[in-house]
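*Asks:* To start, I am sharing the structure in question, which I have written as structure tokens.
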Amino acid sequence: PSPPGEESRSLDSLESFSNLHSCCPSSSELNSEGEEAAGAPGPGGDRPAAGAQLLSASKERFPGQSVYHIKWVRWKEENTPVITQNENGPCPLLAIMNVLLLAWKIKLPPMMEIITAEQLMEYLGDYILDAKPKEISEIQRLNYEQNMSDAMAILHKLQTGLDVNVKFTGVRVFEYTPECIVFDLLDIPLYHGWLVDPQVADIVKAVGNCSYNQLVEKIISCKQSDNSELVSEGFVAEQFLNNTATQLTYHGLCELTSAVQEGELCVFFRNNHFSTMTKYKGQLYLLVTDQGFLTEEKVVWESLHNVDGDGNFCDSEFHLRPPSDPDTVYRGQQDQIDQDYLMALSLQQEQQNQEINWEQIPEGISDLELAKKLQEEEDRRASQYYQEQEQAAAQVQQVQGAASPASGRQSGSNERKRKEPREKEKEREKNSCVLL
């Protein structure tokens, strides 16, 4: 229930955005002050690094306000801003604003470096008011105005978090809450990937059509029941939540990939975090908004291809772009990096294929037999390595012998000296074993 006075305050929410200019600076004022705090761009047009000095200067300019840094990326041949998350952590406001910025529905002044949460709310509120449909019926108008009033009443929650309760039956199925009106009003799809695999009958029965909150209550109730069937059902539901703690299942990922349209800009909910998501050539990508990548101009998207969260970083054109070393700045002039990265993966795969084929090892093999196989493989590789070294040394000896007989005799003597420890090394490897 709303606290006393909350209802009357929400009714005036539509007018509250017209007064935002009096409590926070305008976009032009913020831009000029932000550039003054950050320092003017250099002659080459490079923006200064967003370090601790910039952050502290921003806080001095806007005391008591959440300050976000802006990263400018090249998106579809146009310089486009992306709001990065600061030390306060993620919030749905950033995900929604980045969708609108990438869709060019909201524009920020060029070269703007920092922005406050209040300023973001001002831009969002103005967009909602301007996006009001013009030619609609009276009933549609009243319904839209009611939705807009409800959305304005909870917009302040975008800075901290929204009450979103997923259901495990569909990627767009959520328990209805007033917070969901914001996404409907802005026409921004909201997805999740925490789904039950329909082929696992016992989990389907245990979870049913429950939302997350309802399922937690069901588990507690089943544990206290005297009915063994209910107790078992509660245990199955609890195991499902424990085994899918990442809030993303492979069935959900498949459904998500199928549901999201090609090129669609949307919001993805997972682990109480809201991310900007899109789909390119059948692959899902999440927008990289971590402030640590502020100066990494070529790190824009991260692929979403498994439930473990270890995706690949890509640029704005979805080419693989591993982040630079901490001590260097990624300048984005390495167009060959895609091919080099793929070639390295290919070589690594070839090397793995040349080693033991684990699929050919019979099941039930003992540890001793497996250790013998591993030792034999290691001996083979060591023998091959020594043969290559000896062949290379022999070629060097021939070249040196042709140039000087004396040097050739000396080289042969040295070669025999080098062979002795190698033979001992090989003998020692054959007598050793591998402990697993």
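*Asks:* I'd like to know if segment 218-226 contains one or more residues that are open to solvent by 50 Å² or more (accessible area, probe 1.4 Å), aliphatic (A, V, I, L, M) and farther than 30 Å from Pro133 by Cα.
*Replies:* Checked against the condition, which is being open to solvent by 50 Å² or more (accessible area, probe 1.4 Å), aliphatic (A, V, I, L, M) and farther than 30 Å from Pro133 by Cα, segment 218-226 yields at least one hit.
*Asks:* Just a yes or no: is a residue in segment 236-243 modelled with pLDDT of 95 or more, in contact with a strand residue (DSSP E or B) (Cβ under 9 Å, 6 or more places away or on another chain) and among the aromatic types (Phe, Trp, Tyr)?
*Replies:* no
*Asks:* Here is a follow-up. Which residue pairs have Cβ atoms under 8 Å apart, sit 6 or more places apart or on different chains, and have a first residue in segment 196-216 that is in contact (Cβ under 8 Å) with a residue 40 or more places away in the chain and a second that is part of a loop (DSSP other than H, G, I, E, B) and surrounded by fewer than 18 Cβ atoms within 10 Å (Cβ to Cβ)?
*Replies:* Val196/Thr169; Asn209/Thr169; Ser211/Asn165; Ser211/Glu175; Tyr212/Asn165; Asn213/Asn165; Asn213/Glu175
*Asks:* Filter segment 299-320 for residues that are open to solvent by less than 30 Å² (accessible area, probe 1.4 Å) and polar (S, T, N, Q); which is farthest from the chain's Cα centre (by Cα)?
*Replies:* The extreme case among them is Ser316.
*Asks:* Further, regarding this structure: Between residues in segment 262-275 that are more than 14 Å from Leu94 (Cα to Cα) and residues that are among the hydrophobic types (A, V, I, L, M, F, W, C), which pairs lie under 7 Å by C-beta distance while being six or more apart or on different chains?
*Replies:* Partner pairs satisfying both residue conditions: Arg270/Leu248.
*Asks:* Any chance segment 176-193 includes a residue that's part of a helix (DSSP H, G or I) and closer than 29 Å to Asp308 by Cα?
*Replies:* Looking through segment 176-193, at least one residue is part of a helix (DSSP H, G or I) and closer than 29 Å to Asp308 by Cα.
*Asks:* Please work out if Asn88 is at pLDDT 90 or above and open to solvent by 10 Å² or more (accessible area, probe 1.4 Å).
*Replies:* For Asn88, the condition - at pLDDT 90 or above and open to solvent by 10 Å² or more (accessible area, probe 1.4 Å) - is not met.
*Asks:* Oh, and also: I'd like to know if segment 248-266 contains one or more residues that are closer than 24 Å to Ala103 by Cα, modelled with pLDDT under 90 and either aromatic (Phe, Trp, Tyr) or part of a loop (DSSP other than H, G, I, E, B) (or both).
*Replies:* No, that holds for no residue.
*Asks:* Also: Yes or no: Glu175 free of Cβ contacts under 8 Å to residues at least 60 places away in the same chain, surrounded by fewer than 16 Cβ atoms within 10 Å (Cβ to Cβ) and more than 22 Å from the chain's Cα centre (by Cα)?
*Replies:* Answer is yes for this residue.
*Asks:* Another question, then. Restricting attention to segment 283-298, which residues are open to solvent by 40 Å² or more (accessible area, probe 1.4 Å), assigned to a loop (DSSP other than H, G, I, E, B) and in contact with a helix residue (DSSP H, G or I) (Cβ under 9 Å, 6 or more places away or on another chain)?
*Replies:* Once the filter is applied, which keeps residues that are open to solvent by 40 Å² or more (accessible area, probe 1.4 Å), assigned to a loop (DSSP other than H, G, I, E, B) and in contact with a helix residue (DSSP H, G or I) (Cβ under 9 Å, 6 or more places away or on another chain), segment 283-298 yields only Lys298.
*Asks:* Could you count how many residues in segment 158-172 are touching a Leu at 6+ places or on another chain (Cβ under 9 Å), among the aliphatic types (A, V, I, L, M) and assigned to a loop (DSSP other than H, G, I, E, B)?
*Replies:* Total meeting the criteria: 2.
*Asks:* Another question, then. For Ile219, are the conditions met, namely being touching a Phe, Trp or Tyr at 6+ places or on another chain (Cβ under 9 Å), touching a residue at least 24 places away in the same chain (Cβ under 8 Å), of a type outside the set (Phe, Trp, Tyr) and not in a loop (DSSP other than H, G, I, E, B)?
*Replies:* no
*Asks:* Could I ask something else about it? Of the residues that sit in segment 267-282 and are surrounded by fewer than 19 Cβ atoms within 10 Å (Cβ to Cβ) and over 21 Å from Thr169 (Cβ atoms), which one is modelled with the lowest pLDDT?
*Replies:* The selected residue is His273.
*Asks:* Please verify whether Lys76 is surrounded by fewer than 19 Cβ atoms within 10 Å (Cβ to Cβ) and within 23 Å of the chain's Cα centre (by Cα), treating the condition exactly as stated.
*Replies:* Criteria met by Lys76.
*Asks:* May I ask you to list the residues in segment 227-257 that are within 20 Å of Asp197 (Cβ to Cβ), open to solvent by 50 Å² or more (accessible area, probe 1.4 Å) and β-branched (Val, Ile, Thr)?
*Replies:* Thr246
The values are calculated or read from the model by the stated rules, or taken from the named source; none is laboratory data. None of the values given here were measured: they were computed from a predicted structure. No Cβ is skipped: glycine too gets one built from the backbone with ideal geometry, and neighbour counts run over all protein chains shown. All accessible areas refer to the heavy atoms of the entire protein, side chains included, with ligands and DNA or RNA removed. Shrake-Rupley method; radii C 1.70, N 1.55, O 1.52, S 1.80 Å.
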